[in-house]
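I have placed the structure first, in the form of structure tokens, so that the comments after it can refer back to it.
The values are calculated or read from the model by the stated rules, or taken from the named source; none is laboratory data. Small disclaimer: the values here were computed from a predicted structure and weren't measured. Reconstructed Cβ throughout: ideal geometry from the backbone, glycine too, with neighbour counts over all protein chains shown.
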Amino acid sequence: MNTAFIVLIVMALPPQAEDAAAFAKQVLDADAMGWTKAQVHLRLTLTDAKKKRKTRALQISGATIDSRAHTLVRFSEPAELAGTAMLMREEVGGSTTQLLYQPTYDKIRPIGASSKNERFMGTDFSYADFEKRNASDGFYRFLPDVTCGKAQCRVLELRAKKGLVSDRFGRLEFHIHPKAKVPLRTLFFAKDGKTKIKTLTVNRLRKQQGRYVVFAATMKDLLRGSKTRIEVLSIDFEHRFGAVDFSESALRGQ
């Protein structure tokens with residue numbers, strides 16, 4: 001999935017790691033969430049530790065412009081969040097600029113690096129989860145295959161060496177469907193590399209416009225006891241965007 005969750009390395013690696021890198025690139029290119037190359041309408045259901053639920057509705061627009069990823073996220077529900085938007089723009093050199101617009105204050109503010117691992121608008125996703133990963137953030141390798149329902153998933157382990165992933169996590173595991181090239185489970189481990197603190201599980205996967213798309217997934221925060229379920233209401237991979245769709249005026253909804 002753009003995922004926000006596989007990091008590639010573009011450097012000389014041992015043969016086994018090269019195989020893992022090639023496989024990981026296929027997964028990244030598949031973009032099963034559609035957050036980087038589509039227009040997606042989503043419903044989020046947030047459930048806290050006391051089983052209290054809240055819902056959110058939002059649209060994500062993503063495109064690659066001048067070889068750089070651009071993403072705009074805008075909330076439409078509930079009423080108190082309507083118009084709230086976040087713009088992510090990959091800069092020359094690979095860093096990512098994130099800007100948050102809150103219509104109540106009519107202000108745009110940058111999201112600093114120290115805040116990117118915070119919860120995104122009260123969900124169990126972080127701001128960093130929406131970013132395209134830098135290719136030099138870590139090392140990865142194959143682990144033994146595991147069973148994912150009826151599928152036998154290939155497992156990639158990521159150990160970050162720098163950046164936002166390493167600020168919070170010691171390692172990540174991706175359990176990837178070998179045909180669909182989609183991580184059906186993503187496990188996030190603490191700095192000790194052993195304590196599992198978050199999981200992302202695909203609940204519904206199907207083909208749309210000739211490609212595999214995640215239509216439902218759940219992120220669980222095992223420390224907080226909360227979870228956020230994503231459901232895709234519609235997705236369009238043919239929608240075309242230009243730079244103007246990712247400007248600060250577009251962020252304001254103008």
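Structure notes:
- If you go through the stretch 1-22 and keep only what is modelled with pLDDT of 80 or more and either part of a loop (DSSP other than H, G, I, E, B) or crowded, with 19+ Cβ neighbours inside 10 Å (or both), you end up with just Ala20.
- Hits in the stretch 202-254 (condition: in a helix (DSSP H, G or I) and among the charged types (D, E, K, R)): Asp245, Glu248
The rows are residues; the columns are (1) surrounded by 19 or more Cβ atoms within 10 Å (Cβ to Cβ); (2) polar (S, T, N, Q).
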residue	(1), (2)
Asn203	no, yes
Met219	yes, no
Glu231	no, no
Val244	no, no
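- Residue in the stretch 116-130 that is among the small types (Gly, Ala, Ser), in a loop (DSSP other than H, G, I, E, B), farther than 21 Å from Arg204 by Cα and at pLDDT below 80 present: no
- Single residue of the stretch 186-201 satisfying the filter (basic (Lys, Arg) and assigned to a strand (DSSP E or B)) that is surrounded by the most Cβ atoms within 10 Å (Cβ to Cβ): Lys198
- Selection count where residues are within 25 Å of Thr55 (Cβ to Cβ), surrounded by 19 or more Cβ atoms within 10 Å (Cβ to Cβ) and either polar (S, T, N, Q) or more than 19 Å from the chain's Cα centre (by Cα) (or both), scope the stretch 85-117: 2
- Within the option set Asp48, Asp145, Asp106, being on the phi > 0 side of the Ramachandran plot, at pLDDT 90 or above and among the acidic types (Asp, Glu) holds for one residue only, Asp106.
- The stretch 59-79, residues that are in a strand (DSSP E or B) and out of contact with any helix residue (DSSP H, G or I) (no Cβ under 8 Å at 6 or more places or on another chain): Gln59, Ile60, Gly62, Thr64, Arg68, Ala69, Arg74, Ser76, Glu77
- Any hit, the stretch 160-170, residues being under 21 Å from Ala20 (Cβ atoms) and modelled with pLDDT of 90 or more: no
- Residue match in the stretch 169-183 (condition: at positive phi, touching a residue at least 60 places away in the same chain (Cβ under 8 Å) and either surrounded by fewer than 18 Cβ atoms within 10 Å (Cβ to Cβ) or assigned to a loop (DSSP other than H, G, I, E, B) (or both)): yes
- Looking only at the stretch 181-210, and only at residues there that are of a type in the set (A, V, I, L, M, F, W, C) and more than 10 Å from Cys153 (Cβ to Cβ), the one that is farthest from the chain's Cα centre (by Cα): Ala190
- Glu131 crowded, with 19+ Cβ neighbours inside 10 Å, under 18 Å from Ile65 (Cα atoms) and of a type in the set (Asp, Glu): yes
- Listed by first and then second residue, the pairs with beta-carbon distance under 8 Å, at least 6 apart or on different chains, first residue in the stretch 81-95 and free of Cβ contacts under 8 Å to residues at least 40 places away in the same chain and part of a loop (DSSP other than H, G, I, E, B), second of a type in the set (A, V, I, L, M) and surrounded by 12 or more Cβ atoms within 10 Å (Cβ to Cβ), are Thr84/Leu100; Thr84/Met121.
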